[in-house]
Amino acid sequence: MVCLSSRSPNPHLLLRKAARLADRMHAPWYAVYVRTPAEGIDRIDAATQRKIADTQQLAHQLGAVPMTYGTGKDFPSAVADFVHEYAVTHVVLGRSQRPWYWSWFGPSNLDRLLRTIRGVDVLIVDTR
């Protein structure tokens with residue numbers, strides 16, 4: 001499973017890494033755009049929607065099953081729901097652009113996700 005975001009600067013790098021991993025494992029894979037309540041279809045602009053559609057089209061060309069998944073109150077809970085629902089064993093994420101001082105305000109989405117999903121391998125790709 002690859003988690004896609006509307007704010008990812010280089011989603012093609014993330015998709016290609018996941019495609020190579022899935023190919024080596026001879027496994028099907030999902031390219032999932034995780035839509036949080038803050039990213040409702042009526043809340044994001046047309047350019048962002050086009051970027052998401054282009055990313056999902058590239059995922060399909062690389063052999064993924066592109067999906068949009070929007071359950072859960074936030075990103076970690078939505079990913080955890082998807083992982084449990086589809087019996088995912090590996091998750092590929094891009095490193096966020098979060099400044100170091102934000103750690104003072106609480107755990108990152110990645111930290112919360114790692115606490116939520118147990119028994120799943122998580123690969124973090126630097127897409128900057």
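The values are calculated or read from the model by the stated rules, or taken from the named source; none is laboratory data. A quick note: this is a predicted structure, and the numbers were derived from the prediction, not measured. Because the Cβ atoms are built from the backbone with ideal geometry, glycine has one as well, and the counts that use them run over all protein chains shown. Note: accessible area is taken over every heavy atom of the protein model, side chains too, but ligands, DNA and RNA are not part of it. Shrake-Rupley method; radii C 1.70, N 1.55, O 1.52, S 1.80 Å.
Residues that are over 24 Å from residue 115 (Cα atoms), at least 1 per element: which strands (runs of 3 or more DSSP E) completely within the stretch 1-105 meet that?
By residue number, 65-69.
Can you tell me which condition residue 39 does not meet? The list is (1) within 19 Å of residue 7 (Cβ to Cβ); (2) open to solvent by 50 Å² or more (accessible area, probe 1.4 Å); (3) of a type in the set (D, E, K, R), and all the others hold.
Failing condition for residue 39: (2).
I'm told residue 73 meets every condition in (1) surrounded by 14 or more Cβ atoms within 10 Å (Cβ to Cβ); (2) modelled with pLDDT under 90; (3) in contact with a Pro (Cβ under 8 Å, 6 or more places away or on another chain); (4) not aromatic (Phe, Trp, Tyr) except one. Can you identify the failing condition by its number?
Condition not satisfied by residue 73: (1).
Considering every residue within the stretch 121-128, establish whether at least one is touching a residue at least 60 places away in the same chain (Cβ under 8 Å), touching a Pro at 6+ places or on another chain (Cβ under 7 Å) and closer than 15 Å to residue 3 by Cβ.
So far as the stretch 121-128 goes, yes, one or more of its residues are touching a residue at least 60 places away in the same chain (Cβ under 8 Å), touching a Pro at 6+ places or on another chain (Cβ under 7 Å) and closer than 15 Å to residue 3 by Cβ.
Please work out which residue is least open to solvent (accessible area, probe 1.4 Å), limiting yourself to the stretch 106-121 and to residues that are in a loop (DSSP other than H, G, I, E, B) and among the hydrophobic types (A, V, I, L, M, F, W, C).
Once the filter is applied, the top-ranked residue is 117.
If a residue must be touching a helix residue (DSSP H, G or I) at 6+ places or on another chain (Cβ under 8 Å), surrounded by fewer than 22 Cβ atoms within 10 Å (Cβ to Cβ) and within 21 Å of residue 120 (Cβ to Cβ), how many such residues does the stretch 6-34 contain?
So the answer is 3.
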